[in-house]
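Everything below concerns the one structure shown next.
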Amino acid sequence: MSAATQHRNRFHSICPYFAMFPETFVRRNIHAWSRPGDLICDPFMGRGTTIFESLLNGRKAIGCDTNPVAYCVSRAKAVAPRLADVVARLKALEKQFAKFSSSAAETRDEFFTLCFHESTLQQVLFLQNRLDWRDDDVDCFIAALTLGCLHGESHRSDLCLSNRMPRTISTKPAYSVRWWQKNHCLPPERDAFAVLRSLARYRYESPRPPLKGRVVEGDARRAATLLRPYRERVKLVVTSPPYLDITDYHEDQWLRLWFLGGPAKPVTRQGRDDRHRGTGTYWLFMAEAWQGVVPLLQDKAQVVIRIGGTRLGQDELQAGLLKSLTASGRKFKLAEARKTKIENGQRRAFLVEGEKPSVEHDFRYVLRS
């Protein structure tokens, strides 16, 4: 076993993400059901744990996600540039910033002026304006680093740019303003370029993967089109689909989405889609998703799924997944089912109504010839 698999690689935690499974889950499955050089896929890739862990262990990796934050963070890991290129780009950006002055609406907005110190906000707005994160690998990596430090517990760490805020989710503007005012919290003056340089050097104390992956921004239901060159090549899928009862990521990640070009406020229900309207439409969504994924699979490919939900038990999940997989027109059989105690997983993403489950469920299905 390589050093990369013995110790947690620092690239894994570039940016927190509430719906995630541990890299140990991925590592265990890719070692059990694939060999070096095999192609691994995650059609709901989140922060790219499957993609990155596969690459670290000598597997090829592809994936997709509809969330721009997920795409940015996953791509930063999948095609991580050289540290020297990141440092050089930050130096060039800092030099350009000397001539920058923004009069954007955020500089007059109560939330943003309480969230960021005036000088820090100018730097954040500059980076938002200049980083070509969708098309440039180095800029994507810097954007991912920025997402990871954009907000957090700044009273505990000098590597957070915002006033006090959770690091995992973005609290809503009105609530944040009230809390900061009530607790007499002022935004810290932070040099964003210095913070990003420090974070980059810290991450690169771990090695980059020996391979590069391919990730795209898009819906799993279009995976076979978005990832057309990989049809019938995937040996193993390791994924965690959206749960029936998860919250709206556009609301929970609104500040990071804003940095990537989204609206400067949460948009209620923007991130919800047909999977959230009931069990019937949830399973329809899953069937459509697998129809998009299955054309990527080679014969006898295996599909490992971690899933849960407040309204769905193990038997219903097991049967629903098998039915939705076979709706693709291919035959699958259940090879393994187990329960896993929730530690991080997607528990924080559940809706408040109803009782939260104490376990998640892991299923492994095999594509029959």
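The values are calculated or read from the model by the stated rules, or taken from the named source; none is laboratory data. These numbers were taken from a predicted model, which means no experiment stands behind them. Here Cβ is always computed from backbone atoms with ideal geometry, including for glycine, and neighbour counts include all displayed protein chains. Side chains are part of the model used for accessible areas, which takes the heavy atoms of the whole protein and leaves out ligands, DNA and RNA. Shrake-Rupley method; radii C 1.70, N 1.55, O 1.52, S 1.80 Å.
Of the residues making up the stretch 114-123, one or more are under 16 Å from A194 (Cβ atoms), open to solvent by 10 Å² or more (accessible area, probe 1.4 Å) and not in a helix (DSSP H, G or I).
Among the residues of the stretch 139-181, the ones that are closer than 25 Å to L93 by Cα and among the acidic types (D, E) come to 2 in all. Please work out if T168 is surrounded by fewer than 21 Cβ atoms within 10 Å (Cβ to Cβ), among the β-branched types (V, I, T) and closer than 30 Å to V215 by Cα. So T168 passes the test.
Residue under question is G63, and the condition is that it be modelled with pLDDT of 95 or more, open to solvent by less than 60 Å² (accessible area, probe 1.4 Å) and more than 30 Å from Y243 (Cα to Cα); does it hold? Here the answer is no, as G63 does not meet what is asked.
May I ask you to list pairs of residues, at least six apart or on different chains, whose Cβ atoms are under 8 Å apart, with the first in the stretch 74-92 being in contact (Cβ under 8 Å) with a residue 24 or more places away in the chain and more than 15 Å from A144 (Cβ to Cβ) and the second being open to solvent by less than 20 Å² (accessible area, probe 1.4 Å) and part of a helix (DSSP H, G or I)? Between residues of the stretch 74-92 that are in contact (Cβ under 8 Å) with a residue 24 or more places away in the chain and more than 15 Å from A144 (Cβ to Cβ) and residues that are open to solvent by less than 20 Å² (accessible area, probe 1.4 Å) and part of a helix (DSSP H, G or I), the close pairs are V87/A200. Scan (1) farther than 16 Å from A194 by Cα; (2) open to solvent by less than 20 Å² (accessible area, probe 1.4 Å); (3) of a type in the set (F, W, Y) for the single condition Y71 breaks and write down its number. Checking Y71 against (1) farther than 16 Å from A194 by Cα; (2) open to solvent by less than 20 Å² (accessible area, probe 1.4 Å); (3) of a type in the set (F, W, Y), the one that fails is (2). Condition check for R190 on (1) more than 20 Å from K265 (Cα to Cα); (2) in contact with a strand residue (DSSP E or B) (Cβ under 9 Å, 6 or more places away or on another chain); (3) buried (at least 19 other Cβ atoms within 10 Å of the Cβ): one failure, at (2). Does T310 fit the bill of being within 20 Å of G46 (Cα to Cα), at pLDDT below 95 and hydroxyl-bearing (S, T, Y)? No: the conditions fail for T310. So how many residues does the stretch 7-43 have that are assigned to a helix (DSSP H, G or I), among the polar types (S, T, N, Q) and over 11 Å from the mean Cα position of the chain (by Cα)? Matching residues across the stretch 7-43 total 2. When you scan the stretch 222-233, do you find a residue that is at pLDDT 95 or above, in contact with a helix residue (DSSP H, G or I) (Cβ under 7 Å, 6 or more places away or on another chain), open to solvent by 30 Å² or more (accessible area, probe 1.4 Å) and of a type in the set (F, W, Y), even just one? Looking through the stretch 222-233, at least one residue is at pLDDT 95 or above, in contact with a helix residue (DSSP H, G or I) (Cβ under 7 Å, 6 or more places away or on another chain), open to solvent by 30 Å² or more (accessible area, probe 1.4 Å) and of a type in the set (F, W, Y). Counting residues in the stretch 314-321 that are among the charged types (D, E, K, R) and modelled with pLDDT of 95 or more gives zero. Residues of the stretch 124-147 that are assigned to a helix (DSSP H, G or I) and open to solvent by 20 Å² or more (accessible area, probe 1.4 Å): Q128, N129, R130, D137, V138. What about G46, is it in contact (Cβ under 8 Å) with a residue 60 or more places away in the chain, touching a Pro at 6+ places or on another chain (Cβ under 6 Å) and assigned to a loop (DSSP other than H, G, I, E, B)? Spelling it out, it is not the case that G46 is in contact (Cβ under 8 Å) with a residue 60 or more places away in the chain, touching a Pro at 6+ places or on another chain (Cβ under 6 Å) and assigned to a loop (DSSP other than H, G, I, E, B).
For the condition out of contact with any Phe, Trp or Tyr (no Cβ under 7 Å at 6 or more places or on another chain), open to solvent by 20 Å² or more (accessible area, probe 1.4 Å) and assigned to a loop (DSSP other than H, G, I, E, B), P207 qualifies. Residues in the stretch 99-113 that are under 23 Å from G152 (Cα atoms), open to solvent by less than 50 Å² (accessible area, probe 1.4 Å) and among the polar types (S, T, N, Q): T107 only. With (1) closer than 27 Å to T168 by Cα; (2) more than 18 Å from the chain's Cα centre (by Cα); (3) at pLDDT below 95 as the list, and Y243 as the residue in question, which single condition is left unmet? Going through the list (1) closer than 27 Å to T168 by Cα; (2) more than 18 Å from the chain's Cα centre (by Cα); (3) at pLDDT below 95, Y243 breaks only (2). Of the numbered conditions (1) part of a helix (DSSP H, G or I); (2) among the charged types (D, E, K, R); (3) under 23 Å from W254 (Cα atoms), R201 satisfies every one except a single condition; which is it? With (1) part of a helix (DSSP H, G or I); (2) among the charged types (D, E, K, R); (3) under 23 Å from W254 (Cα atoms) applied to R201, the lone miss is (3).
Look at E94 and say whether it is open to solvent by less than 20 Å² (accessible area, probe 1.4 Å) and either of a type outside the set (V, I, T) or in contact with a Phe, Trp or Tyr (Cβ under 7 Å, 6 or more places away or on another chain) (or both). In short, no. Taken over the stretch 38-60, residues that are open to solvent by less than 10 Å² (accessible area, probe 1.4 Å) and of a type in the set (D, E) amount to 2.
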